[in-house]
Amino acid sequence: MRVNGANFRIEPFDRQRHIRSGFTCGIKELYQYLHKQISQDRKRSITAPFVVCREDALEILGFYTLSALSVELCSLPQDTVRKLPQYPEIPATRIGRLAVDRRWRGMRLGEYLLLDALYKSWQQSHRIGAFAVIVDVKNNEAKQFYEKYGFKTFPNHPDRLFLPMNIVKKIFPT
């Protein structure tokens with residue numbers, strides 16, 4: 001991706017390579033996760049973290065995590081449930097965290113990270129089943145961001161959103 005004359009890349013987080021010290025996003029939980037927990041979660045295979053950096057630097061400008069999730073079928077909207085097998089739970093992919101450094105907001109890095117997460121989720125769904133991509137939002141601004149890309153709210157959980165994989169597939173023509 002190219003923004004204001006700079007090229008960016010997304011790659012798996014590497015504790016030894018990537019520089020976290022300057023990152024601040026304004027959300028305490030996400031800041032603390034990047035600075036204190038991300039390495040251990042990666043080491044234990046709890047999440048797969050990815051970071052965005054300028055092409056010519058190692059400073060983290062944003063990040064997201066992916067992990068597997070099981071969703072109770074009864075928690076989904078009825079119009080979605082009707083189209084699925086009647087298993088008690090179905091598999092999904094979770095975007096656990098997604099954040100952009102304050103200095104880089106408005107540069108579409110959040111969109112770049114989200115599209116990369118959706119692409120990786122869609123590709124992986126061919127190897128390990130996942131009916132949707134799910135995200136738990138921290139605030140209304142985040143909720144609006146995801147809804148702009150078609151995510152729908154769980155009926156009884158207003159801070160949990162999902163995007164069915166058949167919609168994700170349409171974003172990335174084969």
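For the range 132-144, how many residues are touching a helix residue (DSSP H, G or I) at 6+ places or on another chain (Cβ under 9 Å) and at pLDDT 95 or above?
3
Check whether at least one residue in the range 42-61 is among the aromatic types (Phe, Trp, Tyr) and either more than 19 Å from Ser125 (Cβ to Cβ) or modelled with pLDDT of 95 or more (or both), and report yes or no.
yes
Does any residue of the range 147-156 turn out to be under 30 Å from Ser39 (Cβ atoms) and under 14 Å from the mean Cα position of the chain (by Cα)? Give the steps one after another, and end with the answer.
From the range 147-156, those under 30 Å from Ser39 (Cβ atoms) are 149, 151; that's our starting set.
Now drop any that are not under 14 Å from the mean Cα position of the chain (by Cα), which leaves 149, 151.
Yes: one or more hits.
Keeping to the range 123-174, report how many residues are closer than 22 Å to Pro85 by Cα, basic (Lys, Arg) and touching a residue at least 12 places away in the same chain (Cβ under 8 Å).
Result for the range 123-174: 3.
From the list Arg15, Arg20, Arg42, Arg54, exactly one residue is in contact (Cβ under 8 Å) with a residue 12 or more places away in the chain, open to solvent by 60 Å² or more (accessible area, probe 1.4 Å), in contact with a helix residue (DSSP H, G or I) (Cβ under 6 Å, 6 or more places away or on another chain) and not β-branched (Val, Ile, Thr). Which is it?
Only one candidate qualifies: Arg15.
Among the residues that make up the range 102-111, is at least one of them open to solvent by 40 Å² or more (accessible area, probe 1.4 Å), modelled with pLDDT under 95, under 26 Å from Ala130 (Cβ atoms) and among the aliphatic types (A, V, I, L, M)?
no
Is it the case, given these coordinates, that Lys120 is open to solvent by 30 Å² or more (accessible area, probe 1.4 Å) and either more than 11 Å from the chain's Cα centre (by Cα) or over 20 Å from Ser67 (Cβ atoms) (or both)? Break it down stepwise before answering.
Values: open to solvent by 30 Å² or more (accessible area, probe 1.4 Å): yes; either more than 11 Å from the chain's Cα centre (by Cα) or over 20 Å from Ser67 (Cβ atoms) (or both): no.
Here the answer is no, as Lys120 does not meet what is asked.
What residue, among those in the range 123-159 that are polar (S, T, N, Q) and not in a strand (DSSP E or B), is surrounded by the most Cβ atoms within 10 Å (Cβ to Cβ)? Reasoning before the result, please.
Our first condition is that a residue be polar (S, T, N, Q); within the range 123-159, this holds for 123-125, 139-140, 144, 153, 156.
Remaining after also requiring not in a strand (DSSP E or B): 123-125, 139-140, 144, 156.
Working: Gln123: 10, Gln124: 15, Ser125: 19, Asn139: 10, Asn140: 9, Gln144: 10, Asn156: 9.
For the range 123-159, the residue satisfying everything is Ser125.
Report whether or not Tyr64 is in contact with a strand residue (DSSP E or B) (Cβ under 7 Å, 6 or more places away or on another chain), of a type outside the set (Asp, Glu) and not in a strand (DSSP E or B). Give the derivation first.
Working: in contact with a strand residue (DSSP E or B) (Cβ under 7 Å, 6 or more places away or on another chain): yes; of a type outside the set (Asp, Glu): yes; not in a strand (DSSP E or B): no.
Here the answer is no, as Tyr64 does not meet what is asked.
I'd like to verify a number: residues in the range 9-57 that are over 22 Å from Glu141 (Cβ atoms) and of a type in the set (Phe, Trp, Tyr), how many?
1
Among the residues of the range 57-79 satisfying the criterion of being in contact with a helix residue (DSSP H, G or I) (Cβ under 9 Å, 6 or more places away or on another chain) and among the β-branched types (Val, Ile, Thr), which is farthest from Glu29 (Cα to Cα)?
Checking each candidate, the answer is Ile60.
Would you mind telling me which numbered condition in (1) surrounded by 14 or more Cβ atoms within 10 Å (Cβ to Cβ); (2) part of a loop (DSSP other than H, G, I, E, B) Phe162 fails?
Against the list (1) surrounded by 14 or more Cβ atoms within 10 Å (Cβ to Cβ); (2) part of a loop (DSSP other than H, G, I, E, B), Phe162 comes up short only on (2).
Only residues that are surrounded by 10 or more Cβ atoms within 10 Å (Cβ to Cβ), charged (D, E, K, R) and assigned to a loop (DSSP other than H, G, I, E, B): list them for the range 75-90, please.
Lys83
The values are calculated or read from the model by the stated rules, or taken from the named source; none is laboratory data. This one's a predicted model, so the numbers in the text were calculated from it and none came from an experiment. Using ideal geometry, Cβ is built from the backbone for each residue, glycine included, and neighbour counts are taken over all protein chains shown. In case anyone asks, the SASA skips ligands and DNA or RNA and just uses the protein heavy atoms, side chains included. Shrake-Rupley method; radii C 1.70, N 1.55, O 1.52, S 1.80 Å.
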